[in-house]
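Take a look at the structure set out below.
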Amino acid sequence: MIDWLVDRKLHLAVISQNVDAVMYLVMATLSCGVMSLLDLQNYEFRQTALHLAVITNQPSVVRLLVNCGASSDVRDQRGNTALHLACSRGLVQCVVEMVREFTTEECSRLEQYCQTAGLPTPANLLPAFHLPNAHAVDYEGA
């Protein structure tokens with residue numbers, strides 16, 4: 001099967017709600033310093049892991065992804081960002097977690113996780129925090 005026809009490992013971990021796998025893949029991505037991997041889109045619907053975390057109503061995964069650098073401005077094939085999807089589905093907790101920064105204690109736990117998992121601790125655990133663009137317009141003008 002051709003790689004671009006299937007979901008990425010992170011997408012599959014999110015869809016299957018395997019939080020341990022999501023945590024490992026996100027932290028491994030941060031350790032490599034290639035945050036753009038968090039924004040890879042699947043082939044059919046052009047959804048990122050963040051879109052899928054919202055669709056499957058996983059607020060803690062939404063928070064992890066956003067705070068670790070996943071872009072909340074990426075649009076799917078219908079022009080929707082993850083924030084659009086959360087709002088249109090009434091997923092208030094996903095919206096709340098999308099705009100809530102990690103605490104110092106949570107950052108320390110993530111550093112410990114990296115050490116326990118044998119991953120290099122990211123030099124800058126959390127990139128600059130970017131709130132979703134609440135004024136973004138989808139392709140349908142909504």
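Brief remarks on what is shown
- About its Cα centre, region 3-117 has a charge dipole of approximately 260 debye under the convention of +1 per Lys or Arg Cβ and -1 per Asp or Glu Cβ, with nothing else charged.
- Label point 7 Å beyond Cα of GLN112 along Cβ direction - residues of region 63-97 with amide nitrogen under 13 Å: none
- Using θ = phi - 60° and Karplus 6.51 cos²θ - 1.76 cosθ + 1.60, couplings along region 20-25 (whole Hz; Gly, Pro as x): 4, 5, 4, 4, 4, 5
- Whole-Hz Karplus values for region 59-71 come out as x, 5, 6, 4, 5, 4, 4, 5, 6, 9, x, 5, 6 Hz, taken residue by residue from phi with 6.51 cos²θ - 1.76 cosθ + 1.60 and θ = phi - 60°; glycine and proline positions read x.
- For the Cα trace of region 3-117, dividing Rg by the Kirkwood Rh returns an Rg/Rh value of 0.95.
None of the figures in this text is laboratory data; all of them are computed from the coordinates on show. Since the model is a prediction, treat every value here as computed from it, not as a measurement. FYI the Cβ positions are ideal-geometry reconstructions off the backbone, even for glycines, and counts take in every protein chain you see.
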